[in-house]
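Read through the structure below, which is laid out as structure tokens, and then see the notes.
The values are calculated or read from the model by the stated rules, or taken from the named source; none is laboratory data. On a predicted model such as this, the values are computed, not experimentally measured, just so you know. Neighbour counts run over all protein chains shown; Cβ positions are idealised from the backbone, glycine included.
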Amino acid sequence: AVPVALVSGLSRTASVGVLVKGGGALEALARMRVLVIDKTGTLTDGTARLAGTQAIGRFGAEEALRLAAALDQASGHPIARTLVEEAHRRGLTLPQPGHVVETPGEGLSGLVDDRRVLVGARRLMESHGIAFPAATGSEAAAATVYVAIDGGPAAILSFADPPRVDGADVLAALRAEGIERVVLATGDRRDLAEGLVAGLAVDRVAAGLDPAGKTEIVATERRHGRVMMVGDGVNDAPALAAADLGVALGARGAAAAAEAADVVVLIDSLSPLPKAIRIAKRARAIAL
Ligand code: ADP
Ligand code: MG
């Protein structure tokens, strides 16, 4: 039986917007030492906007954007949603893509208007043997998306992806609740990740990671203490499952992440997390 103190702790965390999946997870929440945190949609607010386009090859920027957005209709990634909105804003008509294959944390491939389109991270382009020049946009906290058409490079799209306004406060509050080490684990470029955490007390930045890479970071960070992983995407699900405690941002995040997690933050903010830890500690102290 779950002690009464834990039951009331569960209802109290729920009242601050945090769904804790059971007494075991609530107890664990009180004892985390390392925070591994995802970037896009987690430390940034996931409401990116297109900040620059760099056309390469025979397709213009607008056509590359149209084909990429058409393909990204099939994705729930925060950047994908932004790209589709931008295309609509420009009055572009987006055909439905065919033969879509999504690789979490990398992007998508598919057919649009009988053209083979790839949209996603540089890693995805490399795995298809498509070389791109270096991206020029280096706006802080941006994300970079590469577009290939019919096997050749077509465009580099850069997104300004603003950091969550309360990010620094939340990290400080988590440290006050016993988190001793903070690690950023992202599928995005290293320079962008480092730009984002400049000024935040982050101990390690791991960039360019696929889902397995994120899981590996969680595993190696275990040597510093119990690991809490916070993420929002499909690409975070394996790492959420591998952590001592997986925390999903549920409001706009992927269902797969919420399912893999032990804890789901139900509002679109990181700020309830330190509160939930405080409640968990109190409940645990009473229950023991
Ligand atoms: P993070 O790990 O920081 O949350 P992701 O791994 O979700 O970031 O994404 C990393 C990069 O992969 C993005 O910056 C983008 O370049 C690319 N990417 C992933 N999925 C998509 C998609 N559906 N559409 C466009 N780009 C994508
Ligand atoms: Mg993410």
Of all residues in segment 161-211, how many are within 22 Å of Arg222 (Cβ to Cβ), outside any loop (DSSP other than H, G, I, E, B) and more than 13 Å from ligand 1 (Cβ to nearest atom)?
6
For Leu35, indicate whether it is more than 13 Å from ligand 1 (Cβ to nearest atom), hydrophobic (A, V, I, L, M, F, W, C) and surrounded by 22 or more Cβ atoms within 10 Å (Cβ to Cβ).
yes
State all residues of segment 165-184 that are among the charged types (D, E, K, R) and closer than 18 Å to Asp45 by Cα; if no residue qualifies, say none.
Asp166, Asp169
Looking at (1) at pLDDT below 95; (2) in contact with a Gly (Cβ under 7 Å, 6 or more places away or on another chain); (3) farther than 21 Å from Lys281 by Cβ; (4) more than 16 Å from ligand 1 (Cβ to nearest atom), find the lone condition where Gly98 falls short.
(1)
Could you tell me whether any residue of segment 29-47 is over 21 Å from the mean Cα position of the chain (by Cα), away from ligand 2 (no atom under 16 Å from the Cβ) and of a type in the set (Gly, Ala, Ser)?
yes
So in segment 245-270, with the set limited to residues that are of a type outside the set (Gly, Ala, Ser) and within 22 Å of Ala172 (Cβ to Cβ), which one is surrounded by the most Cβ atoms within 10 Å (Cβ to Cβ)?
Val247
Out of Leu35, Leu83, Leu26, Leu67, report the one residue that is touching a Ser or Thr at 6+ places or on another chain (Cβ under 8 Å) and either outside any strand (DSSP E or B) or at negative phi (or both).
Leu26
Test result for Thr215, within 16 Å of ligand 2 (Cβ to nearest atom), in contact (Cβ under 8 Å) with a residue 40 or more places away in the chain and either surrounded by 16 or more Cβ atoms within 10 Å (Cβ to Cβ) or assigned by TED's automatic domain parsing to the domain that holds Glu62 (or both)
no
Please identify the pairs in which a residue from segment 59-88 that is under 18 Å from His99 (Cβ atoms) has its Cβ atom under 9 Å from the Cβ atom of a residue that is hydroxyl-bearing (Ser, Thr, Tyr) and part of a helix (DSSP H, G or I), counting only partners at least 6 apart or on another chain.
Asp72/Thr82
Given the structure, is Gly199 small (Gly, Ala, Ser), surrounded by fewer than 24 Cβ atoms within 10 Å (Cβ to Cβ), within 14 Å of the chain's Cα centre (by Cα) and away from ligand 2 (no atom under 11 Å from the Cβ)?
no
Based on what the data block shows, is Thr220 in contact with a helix residue (DSSP H, G or I) (Cβ under 8 Å, 6 or more places away or on another chain), among the polar types (S, T, N, Q), away from ligand 2 (no atom under 13 Å from the Cβ) and assigned to a helix (DSSP H, G or I)?
no
